[in-house]
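These notes concern the structure reproduced below.
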Amino acid sequence: MRAYPLTWRLLDVLETGLEKVFPRRLAGITPYLMLAPAVLLVGLLVLGLFQVADGSLRTLDTTTFLMSESYSLDNFRRALSEPLFRNVAVKSFAGSLIVTAMTLVLALPYAYVMVRTKSAALRKILLIALFLPFFIGQVVRAYGWLIILGNQGLVNEALSFLGIGPFRLIYNYPAVLFGLIQYMLPFAVLMLAPAVTAIPEETEAAAESLGANWIQTFIHVVLPMARPGFVGAGLVVMTLSLTDFAIPAILGGGSQDFIANAIYDQFFRTSDQGLGATLALLLVAAGSTLVAIVFALVGTGTLQMGRAKQ
Amino acid sequence: MAVAETGLDRLAVEGPVGSTAVSVRNVNMVFGDYRAVDDASFDLQEGKFLTILGPSGSGKTTLLRMIAGFQAPTSGEIAINGIPVGHVPPNKRSIGMVFQKLALFPHMTAAQNVAFPLKMRRFDARTIPARVAKYLDLVKLGGFANRRIHELSGGQQQRIAIARALVFEPDLLLLDEPLAALDRKLREEMQLEFRRIQRELGVTTINVTHDQREALVVSDEIIVMDKGRIQQNAKPSATYRQPSNSFVAGFIGVTNFLSGSVTDVTDSEVAFIAGTQPLCGRWVATDVRPSAGQSVKGAVRAEQIRVAATPDRLDDLQTTVAGSVMDVIFEGERVVYEVRLASLQDATIRVFDHDPSQHAEFEAGARVFVGWNARDVLVFAE
C-alpha cells in the first residue's frame with residue numbers, strides 16, 4: 001500500500017471519527033449549526049430589548065422610587081417634549097453627521113496614500129499609525145487629549161510662549177467632535193482601504209490618458225468607484241459616534257452630553273430606569289432607521305456584500 | 001547598433017513618405033541596475049500601424065508607457081508630431097490608449113465611458129452626443145449606448161475601450177496588449193477589427209504584443225525587442241523572411257537551429273559542417289564576414305523542410321538528410337513531424353507537412369529523409 005502523507009492519514013482518521021458522531025446525511029444542517037451561536041447571541045440581545053421596552057412603559061414613582069405597575073406612554077412624552085432631551089438629540093445627531101463627514105474627508109487621502117504609495121516604508125508607518133490607537137483605550141486617549149488641550153496643557157503652554165492664550169480648548173462642543181473624529185479615523189481608513197485597493201491603478205491611468213487631471217480623476221473615477229467603502233465607513237462612523245459615551249463625557253466635561261450620556265444619567269444618577277429605557281429605545285430606533293434609509297438609498301449591494309456581479 | 005541604423009537608413013533612402021508621427025531617439029529606461037529599455041530609436045510615419053513584438057520582460061511595455069507619458073525615460077527623447085514630449089503629462093498628450101485590462105469605468109454606461117475624454121478635453125458639449133454615437137457606430141455598438149459595462153460581453157467591452165480611446169481623435173493610438181486575455185477565436189476577430197478601424201480612420205497606431213501572429217496580421221511595421229534592445233525594425237514579410245539575427249529568427253515562426261562551424265565562404269553562401277553533415281546557407285549580417293572555423297548556427301523554418309520516404313523524392317532540394325520520426329503531432333491544417341537526424345549529432349528538427357494525403361504519412365519510428373534548399377538556411381554567428 002502506498003504511504004500517503006501523514007496529514008492525509010490524520011484527516012482520514014478524523015473524517016471517519018466525524019462520520020460516527022455526525023453522519024454525512026446530516027450535512028445539510030451544518031450551515032445552520034454554524035450560524036447558531038450568532039443567532040443565539042443576537043437573540044439574547046433581542047430578549048434584553050424586550051426587557052428595555054417593558055421598562056420604558058413604566059414611570060418612576062418619585063415618592064417610593066419604585067417603577068409603576070401600570071403601563072403608560074409618559075416616558076415617551078417626556079423624552080420627545082422636554083427641551084433637555086431635544087437638546088441632547090440635536091447635539092448627538094448634528095455631531096455624528098459632522099464627525100462622519102469630516103472623518104471620511106480625512107480618511108480617504110490616508111487610505112489612498114496607504115494603498116497606492118510605492119514606498120514600503122511609508123506604507124508600514126501609515127499602517128502602524130493606524131493600528132496604534134487601537135492599543136490605547138478610548139478613555140485613556142480622551143484623557144490624553146485633556147492633558148494636551150487642557151488650560152495648563154501642552155498647547156496652551158506652547159501658546160503662552162508666543163504670548164497668547166490661554167484658550168479654552170476642552171469642555172466644549174468642538175472638543176467633543178475633535179475627539180470623536182480622532183477616534184473614528186482608524187475605523188474609516190480600515191473600511192476605505194479595501195475599496196481603494198479594488199480600484200485598478202490602470203483605471204486611473206486610463207482616465208489620465210483620456211485627458212483628466214488628477215483632481216478630475218479623483219472626482220470622476222476614484223470617488224465613485226470607492227463608493228461601497230464610503231457607505232460602509234460612513235455607516236460605521238455615524239452609528240459609533242451617535243452612540244458614543246466616553247468622548248462626550250470626558251472631553252465635554254458633562255456639559256456636552258450625547259444620547260448615551262443622557263441614558264447613563266437616567267439609569268445611574270436619577271435612577272429613572274423607565275426614562276433611561278425610553279431614551280435607549282429611541283436611540284436604537286433612530287439608528288436603525290438611519291441604516292435602513294442608507295440601505296434604501298444606495299442598496300446593500302454597494303457594500304459589496306451579496307453575490308458579486310461578474 | 002547595426003540593426004537600428006539599418007532601419008533608419010531605410011527610411012532615409014525611401015525619403016519623406018508621410019510626416020513623422022512618432023520619433024524615438026536613443027531612449028533608455030534604467031531601474032536601479034536593470035536596463036529595461038536600452039538605446040531604443042525608431043521613427044514612425046503618420047497613419048502607420050506599428051507593432052512592438054517581444055517576450056515578456058523585453059521592454060516593450062516600458063517603451064509604450066514612456067510614449068504614453070506614464071514614465072519618463074532615463075535619457076533620450078520622444079517626439080510626437082515633431083514636438084518633444086519629455087515633460088508633458090499623459091493628459092496633455094493627444095494619445096488614445098487601450099489598456100491590457102481595458103480599464104473601462106464600471107460606474108458609467110458605455111456611452112458615458114466614450115463621452116468621458118470629450119468632457120475632460122472640453123469639447124463643445126452640444127457636439128458630444130453626436131460624436132459618441134458616431135464612434136459607437138464605428139465599433140458596431142450603436143444600440144448599446146445605455147448598457148452598463150458589466151452588461152457587455154468581453155468583445156463588446158473591447159470595442160467600447162477602442163471607441164473611448166479614439167473618440168477625441170488623438171494623434172496616436174496605443175494598444176497595450178488588450179487582446180491578450182481573449183480566447184483565440186475572439187482575439188483573431190478583434191485583430192482584424194483593429195486593422196479595419198485603424199485603416200478607416202488612418203490613425204497612427206502602436207500596438208504592443210507577444211503574439212507573433214497578431215504582429216504579422218495587423219502591422220505595417222514590426223519592431224522586435226529582446227532584453228530591452230530593438231532587434232529588428234521592418235515590414236512583417238521582411239521580419240519573417242529576413243530576420244536580422246537569430247533571436248528574431250527563433251522568436252517568429254517555428255525555426256530549427258543547426259549548430260556547426262564554417263568550412264568555406266563564397267560571395268553569397270557559407271558552407272559549414274554540423275556534426276558530420278556538410279550544410280550550406282546564406283550569411284545574413286552585412287557588417288561582418290564569417291571566417292573559416294567560426295561557430296555558426298543555421299536557421300531553417302519548419303515549413304521550408306520537406307519529408308519523404310526516399311531521397312529521390314527530394315531530388316529538387318539541395319540538401320537531404322536521413323532521419324527517423326520521433327513524434328507526429330496532428331494540428332488539423334498540418335502535421336508536425338519531429339525528426340531526429342543522426343548525422344547532426346542527433347539534433348531534433350521540426351517539419352511541417354501542409355498537405356498530408358491522409359492523417360499522417362509517417363508514424364513514429366519511421367525512417368525518413370528530410371530536405372531543404374540552401375537559400376532557406378540563414379546562417380548567424382553563434
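The values are calculated or read from the model by the stated rules, or taken from the named source; none is laboratory data. Remember, it's a predicted structure, so these values are computed and weren't measured experimentally. Heads up, the Cβs are rebuilt from the backbone with ideal geometry, glycines too, and the neighbour counts pull from every protein chain shown. Please note that ligands, DNA and RNA were not included when accessible areas were found on the heavy atoms of the full protein model with its side chains. Shrake-Rupley method; radii C 1.70, N 1.55, O 1.52, S 1.80 Å.
Observations
- Chains B and A together bury roughly 1800 Å² of accessible surface, counting both sides and using a 1.4 Å probe on protein heavy atoms.
- Inverting the pair-averaged 1/r between distinct Cα atoms of the protein assembly as shown gives 32.5 Å as its Kirkwood hydrodynamic radius.
- Shape category assigned to segment A:75-304 from the gyration tensor of Cα positions, a/c cut at 1.5: oblate
- Note on segment A:1-56: along the principal axes its Cα atoms extend 72, 22, 14 Å, ordered by decreasing extent.
- Most to least accessible of B:Asp346, B:Asp38 (protein chains only, probe 1.4 Å): B:Asp346, B:Asp38
- Surface calculation, 1.4 Å probe, protein heavy atoms: B:Glu46 sits at approximately 110 Å² accessible.
- Whole-percent carbon and sulfur share, accessible surface of the protein assembly as shown, 1.4 Å: 61
- Whole-number D in µm² s⁻¹ for chain B, Kirkwood Cα-pair radius fed into Stokes-Einstein, 10 °C, 1.306 mPa s: 68
- Relative contact order (percent, whole number), chain B, Cα cutoff 8 Å, 6+ residue spacing: 15
- Average beta carbon contacts from partner chains per residue of B:105-112, 10 Å cutoff: 3
- Ranked from largest to smallest solvent-accessible area, with a 1.4 Å probe on the protein heavy atoms, B:Arg213, A:Arg141 come out as B:Arg213, A:Arg141.
- Helical content alone sets the calculated 222 nm signal of the protein assembly as shown at -14000 deg cm²/dmol, taking -39,500 (n - 2.57) per DSSP H segment of four or more residues and averaging over every residue.
- Nearest-20 debye value, the protein assembly as shown charge dipole, Cβ charges on Lys, Arg, Asp, Glu: 1800
- Count Lys and Arg as plus one, Asp and Glu as minus one, and take only other residues whose Cβ is under 13 Å from that of A:Thr217; the net charge is then -2.
- Across peptide B:91-99, the average count of Cβ atoms from other chains found within 10 Å of a residue's Cβ is 4.
- Reachable lysines from B:Lys235, criterion Cα separation under 29 angstrom, eight or more residues apart if same chain: B:Lys48, B:Lys60, B:Lys101, B:Lys185, B:Lys227, B:Lys297
- Gyration tensor (alpha-carbon) shape descriptor, segment A:102-225, a/c threshold 1.5: prolate
- Since only A:Val298, A:Val284, A:Pro31 are under comparison, the one whose Cα sits farthest along the positive direction of the charge dipole of chain A, derived from C-beta charges on Lys, Arg, Asp and Glu, is A:Pro31.
- Solvent-accessible heavy-atom area per residue, rounded to whole Å², over chain A at 1.4 Å: 60
- Accessible area of A:Leu44 in the full protein assembly, 1.4 Å probe (Å², nearest 10): 110
- Candidates A:Ala205, A:Ala27, A:Ala129, ranked by Gaussian network fluctuation over chain A, Cα under 10 Å, top entry: A:Ala27
- Counting Cβ atoms of other protein chains within 10 Å of each Cβ in A:210-219 and taking the mean gives 6.
- Around B:Thr310: net Lys/Arg minus Asp/Glu count, Cβ-Cβ under 14 Å: -1
- Prolate is the label for segment A:75-114, because the ratio a/c of its alpha-carbon gyration tensor axes (a ≥ b ≥ c) is 1.5 or higher and a/b is greater than b/c.
- Surrounding net charge for B:Leu172, when Lys and Arg each add one and Asp and Glu each subtract one, Cβ distance under 14 Å: -1
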